[in-house]
Amino acid sequence: MTDSEQNATPSEVNSENKQTANKKKRSPVERAIVWGLIFVALIVVLLEVNARYGYSNTLTEIQNRIAQEAEGKEFLLKDAKAMVKGFPYGDERLTQSGKQLQYRWLSLFRTYAIQISVGIDGEVLSLETDAEQFDDKNLKAKSSKPVVHRPTLPEKGLSPEFENVVVLTTDQLDSQTRDMKGILPREIVRQALLIGGREGVGLKTRDASLRGEVLFVENPEIFPLKLLTHIDSSREVNIDLERPHINEAPFRWSSESFILPQEFALETLIEKTEELSRTGFVDALKSAGYTGKAPQWTEESTVSDQLLQQLKEWNLISQYAVIQEMHTAIQKEGESPERLSVLTRAYANLGSLTEYLWNPSHKVFKARALLYAERLTERSEDSRWALAHRAYARAFAGRHQSALADIAAIRSTKTERSENKRSLPDWIDLIDAYCAYKPDVLDKAVKNEDTKHLAIYLGSLLADPVGNEKQMLTITEQLLELEPACCRAMDRLCEVNSLGIRRMVTEERLDQVWPVLYRKMQKINLPKPVQVTIGLNMPSESNLIREEHSRMRVINSLKKVEATDYEPSLKVLGQLLHELAFVHTCRKLDVLTGSLSLNADDDLKKYRPLVKGHPYEQYIESFSSNRADAKAAYEKLLDSHDPQELEFVSSRLISNSYYKLNAQAYQKLFAEAVANLDQTYQDQLRYAHWFKDMRSEYDKENYSRTARNLLKISPQMPKTVAININANPEYAEKQIAELMGKYGKNPEVLTALAKKYIAENDDVKAEEVLQRRIEIVPDHRSYTSLAGLYKKRGATEKWKETLEKALELPSLGLQNASIRDSLARYHMKRGEWELAKPHAVKAAMTYSGWGLLCAAKCYEGLGDLQQAETFVRACSMRYKSSAADWYFWCVRTNFGDIESARRLAEQQLLANPNTNNLSLSMQSGVFQATQGLKSEAFDSFLAAFQKYKDAYCGLHAALLADELGLTDQRDDLLKQVSEQWNNNFGIAELTNFFQRMLLKPDSVEWNPRWFQSLLAQASEGRPTNFYYFAGKFLEQRGQDKWATIYLQSAATSPITNKFNCALAAQHLRSQKKKVAERRFSELDAGYDKAKLLSQKAAYLIQSDKKEEAIQIFDEILKLKPDLFIVLINRGQMHEALKNYPAAIADYKKAIEIEPEYWIPHGNLAFLYAACEDDEIRDGTLSLQHAQQAFDLLPTKYWVNYGALAAAYAELGQFDKAIEMQRQAMELVPDAQKREAARRLSLFNEGQPYRRSSKKE
């Protein structure tokens, strides 16, 4: 650019000055208008920027946060408010289910508004955009007060006769404190309010938490009370009460806040709310418009002997009658310590007697018991006597440690001798014996007429139906003899393992209890129409025909009573009986469909009237054999059930949702049950039971945490002790002598200790504990546990002798049949068919599925195929899950009525496909393969593999793709199956070898020696599968010799229940090849013995007897010198014993025998790289072997990358080490992630990896 272009000329400057001079100046008014317009425009821009920015950013953040709720992250109102951006104006209104908030950003061009719906617990439920502004028609302004938004009235309310009855809705507890969630804290506050209404104002009450007691009507004129309790993260409690009105603002009241301590928080809540029931709640109810006169307080009163006798009767009818009579007496004659004490015990008893029902009413009864006990303690001068009743209530509510604290306080207080002082109840020692586990005290009390009722009941609660079935049966029958109407005791009989007992109870005894209940009802205060209904429908115990129709007439007559002078209402009693009928129906269907595997469709017709109107009636419909109907039933159940009522007592309903509907339904129901979980013994015990199998780290963590919770709540209960032994190993170590001293005769604790010692491979202690258990409880469980220990040890004769001793015991179920099944299979495995026959036949006589199949196998071995078919057909006809077994048997044996068997299999597998069941998906694929439907079979196996990641299905799909010419899909599937190495080592190794052959067909040949080593380390049944897979793959490669050998091995395997056995037999026949005689051993000659010795060596390794294990390996190598996998295993033992030269020699010998097997190379790589012995380490050799192991595998495993990383680190090449270790981290299983991360940290710090002195 030139200078002339940068500077203006004089003529241009003059021109500009002239134009400026000619412009007219604006007046001040004009300038003000211009600036005003600019200001307005600026305001509009700012408003629009604020609206657009605030709205879009708020909407995005809230939408993202709502999406995270699916991951279980709670989204609360306070969190939503923190996300609001810009400067909106807000409005809110109450709704029936919580409240709604609106935020509006001012804009001249469009509506920027969002509406957030919030539940009563403060959790965000939904988000709407461009919501209509709240209608102000419902607002009522007063000249002296600001405008107040009235909440939307509930759609339903109460009929006029409840105008002066304290009726309370059930609203979710809003708690941010982990140990104060659940139903019981909510009910404690609610019941305190209702007690304030009954005893503080003198009114009748009705409680929505008692299912069926409150009936809402359309177009109401009055509404029930609404109570909201808030517990924030700092444990501060605030209680809000509201009574809506039609033509005026609702009445609202809030309590003064109080703080709950860390320890005994629930007990503090009881204390504080009980005080409110005498003060604040009473004043609030009066201010809300309720009028009445409180019953007077009487220092002393009498309770009739008849009522006290009823109090000892362990049935819900008698306890309800006592409660009703006491409430009536208080209303008419006033409160007294005696009446409060009876109410405390009766409500506690009723809570315990009904806690197995699928209904949270038992928590209502327990809360009332706890509150009345606290009221008695506060109002009675007889503190020791009152404390005894509080201990009683706490014990039955499942707060055993709190009960023991009361008992300790009683005993620490000096006895005041006075004629006016009430003496301690004779039952206080029994409450102590129950909570502190003193069974001898309870046994002694049974002999005392005054204490035997309670002693027997508490003893029945302590008895374990699984761990000590004999004791549980004895004491339960003792209780039923004393109280035939004890439905809780009858239900416990359904918890035993013995199928015979469960069948007897569900088929006979559950129905027999109803006439006994009717007679109990005839003796209590019921309206005449109800008594007439009972009299007209009274069946005899010997003739129960049509009793179920009578049952519902009686229940409905109770539910229809409208009188308000019963407390609790008769609707509650009717609903409890309906709950009982529902649970009885569930028990019957569980045995019918679960234990007996029978079709329940005809029975459902009979049961429908019994559960009609029950909230879970759709659960009964889910027992339909039609999967579509069962799924539809669950869908209706999810839409109709009340999440606030679901508890883990309904565990079958929760778990079945996974199979009958889907995983999302299961997760939803499970989360609801967790939200209702209380810090009580019963709840925590059920929760622990849910995780007892500890299948995952999540399960282990929850099981361990729940075990620790039980120690706080009920530390001395045997189940608490047993669970902590299982969950927290250090618990037993610290106090083993003390535990054996107190619980040395408790079978459940002994079983837990035996499991602990077995897990620790301490055979001596495990055997000692099991022998002690046999001395105390000589039952099948004791003998079979000991036999299992002997079998694991390889002591076959001792195993056999122990099982034969167990056969001398009486069997109340399938115990003896199960033992005979084991003994029959033992003899069949040895080819001793005649010795097996008596055991097999007796096992089949139970008509169990495994018993029938055992007999079928035995008769097949005896050469009687016709009789064998009879048994296998019976199994398929009886058990839906075994419907296809008959068909597969016919395919395998080439004998029998295959057409009938095929139709039955089609009916089961194809008519009702179930994608939520791996077994059925697998059977469908096998069935299609036997029919020659290769494309369909491929689709079935592929779908099963994609859904379940099952390696068996994946390899079947890969081989079918190979046959169908789908090479890309074949190769992809082989790679995916190989990636299952962490979960299925054998199939992953096999598929990796298949990949090597496909990638290098000219240089990689089939290796029978390598294959035989793979088979030798596979568990029973897998060699049969591997034979088939190898045979089919080699057949496609034209290697007919080995293909035929392996297919024959699969077809003639003694493990006949494997699908691949049937597939191999059918395939050979399709090629006009004769199937050889069945073999006695699954592996080829000599290898079975090697495998048995390998199992013995594995057991010795687990028991930390490495030197003895090496001796076993030596023995195997003498038998099979080329079994290089044994050399590798022996080398690992030498490594563990720090005999590194011997380990290296074994690995090198294995490589010499099988140079292209990757594992010995990998082991040498780690040993040369990470050995703590400086003389052994050699980074160069490590890298050579690591690279060779890596190159031998088409699909790499995480250990391959890990070996390279260790080798590079030893050579100081940390960049490469980090790169390889990161690759390993992507593939490493969860159990190894921590160690893998530790190694990566070392490499990042420039340090090589060294094995610690302790074997990793």
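Residue under question is residue 976, and the condition is that it be in contact with a helix residue (DSSP H, G or I) (Cβ under 7 Å, 6 or more places away or on another chain) and within 22 Å of residue 1122 (Cα to Cα); does it hold? Here the answer is no, as residue 976 does not meet what is asked. Filtering the range 1027-1061 to residues that are of a type in the set (A, V, I, L, M) and in contact with a Leu (Cβ under 6 Å, 6 or more places away or on another chain) leaves 1043, 1047, 1051. Looking across the range 979-1003, not a single residue is hydrophobic (A, V, I, L, M, F, W, C), exposed (fewer than 15 other Cβ atoms within 10 Å of the Cβ) and not in a helix (DSSP H, G or I).
Out of everything in the range 810-841 that is assigned to a loop (DSSP other than H, G, I, E, B) and touching a residue at least 12 places away in the same chain (Cβ under 8 Å), what residue ends up being surrounded by the most Cβ atoms within 10 Å (Cβ to Cβ)? Residue satisfying both the conditions and the ranking: 814. Residue 646 falls short on exactly one of the conditions (1) surrounded by 21 or more Cβ atoms within 10 Å (Cβ to Cβ); (2) free of Cβ contacts under 8 Å to residues at least 40 places away in the same chain; (3) more than 18 Å from residue 363 (Cα to Cα), and that condition is (3). Set side by side, the residues 267, 221, 248, 263 differ, and just one is among the acidic types (Asp, Glu) and modelled with pLDDT of 95 or more, which is 267. Applying the condition of being surrounded by fewer than 19 Cβ atoms within 10 Å (Cβ to Cβ) and over 31 Å from the mean Cα position of the chain (by Cα) to the range 848-884 and asking which residue is farthest from residue 898 (Cα to Cα) yields 862. The condition (being under 24 Å from residue 1052 (Cβ atoms), without any contact (Cβ under 8 Å) to a residue 24 or more places away in the chain and in contact with a Lys or Arg (Cβ under 9 Å, 6 or more places away or on another chain)) is satisfied by just one residue among 858, 890: 890. If you go through the range 432-459 one residue at a time, how many are β-branched (Val, Ile, Thr) and within 20 Å of residue 310 (Cβ to Cβ)? Selection size over the range 432-459: 2.
Only one of the listed residues (639, 629) is outside the structural domain of residue 556 (by TED's automatic domain parsing) and either under 28 Å from residue 678 (Cα atoms) or modelled with pLDDT of 95 or more (or both). That residue is 639.
Filtered by the rule that a residue be among the β-branched types (Val, Ile, Thr) and surrounded by 16 or more Cβ atoms within 10 Å (Cβ to Cβ), the range 777-809 gives 777, 784, 802.
If the Cβ limit is 9 Å and pairs must be 6+ apart or interchain, which residue in the range 1230-1251 that is within 20 Å of residue 698 (Cβ to Cβ) pairs with which residue that is among the small types (Gly, Ala, Ser) and part of a loop (DSSP other than H, G, I, E, B)? Note: pairs meeting the criteria are 1230/696.
Of note, residue 811 does not satisfy the criterion of being over 20 Å from residue 469 (Cα atoms) and either under 31 Å from the mean Cα position of the chain (by Cα) or among the hydroxyl-bearing types (Ser, Thr, Tyr) (or both). Applying the criterion of at least 2 residues that are basic (Lys, Arg) to the helices (runs of 4 or more DSSP H) found wholly in the range 577-685 leaves 601-611, 627-640, 651-660.
At least 1 residues being more than 31 Å from the chain's Cα centre (by Cα) and under 30 Å from residue 428 (Cα atoms) is the threshold, and among the helices (runs of 4 or more DSSP H) wholly inside the range 450-567 those reaching it are 452-462, 469-482, 510-522. Taken together, 1214, 1166, 1190 contain a single residue that is of a type in the set (Phe, Trp, Tyr), surrounded by 17 or more Cβ atoms within 10 Å (Cβ to Cβ) and more than 18 Å from residue 1247 (Cβ to Cβ), which is 1190. Of the residues making up the range 929-944, those that are of a type in the set (A, V, I, L, M) and either surrounded by 16 or more Cβ atoms within 10 Å (Cβ to Cβ) or at pLDDT below 95 (or both) are 929, 937, 942, 943, 944. Among the candidates 578, 641, 614, the residue that is free of Cβ contacts under 8 Å to residues at least 60 places away in the same chain and in contact with a His (Cβ under 8 Å, 6 or more places away or on another chain) is uniquely 614.
For (1) among the small types (Gly, Ala, Ser); (2) within 30 Å of residue 612 (Cα to Cα), each residue gets a yes or a no:
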site: 457; (1), (2): no, no
site: 467; (1), (2): yes, no
site: 492; (1), (2): no, yes
site: 503; (1), (2): no, yes
site: 521; (1), (2): no, yes
site: 531; (1), (2): no, yes
site: 537; (1), (2): no, yes
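Scanning the range 702-723 for residues that are in contact (Cβ under 8 Å) with a residue 60 or more places away in the chain and of a type in the set (D, E, K, R) gives 712, 719.
Just to be sure before I move on: is residue 1225 in contact (Cβ under 8 Å) with a residue 12 or more places away in the chain, over 16 Å from residue 1128 (Cα atoms) and surrounded by fewer than 19 Cβ atoms within 10 Å (Cβ to Cβ) in the structure I sent? Yes, satisfied. Report yes if some residue within the range 822-835 is of a type in the set (Asp, Glu), touching a helix residue (DSSP H, G or I) at 6+ places or on another chain (Cβ under 9 Å) and more than 18 Å from residue 1057 (Cα to Cα); otherwise report no. Yes: the range 822-835 contains one or more residues that are of a type in the set (Asp, Glu), touching a helix residue (DSSP H, G or I) at 6+ places or on another chain (Cβ under 9 Å) and more than 18 Å from residue 1057 (Cα to Cα). Regarding the range 409-425, can at least one residue be identified that is surrounded by fewer than 17 Cβ atoms within 10 Å (Cβ to Cβ), within 24 Å of residue 188 (Cα to Cα) and of a type outside the set (S, T, N, Q)? Yes: one or more hits.
The values are calculated or read from the model by the stated rules, or taken from the named source; none is laboratory data. Being a predicted model, the structure only gives us computed values, none of them experimental. Because the Cβ atoms are built from the backbone with ideal geometry, glycine has one as well, and the counts that use them run over all protein chains shown.
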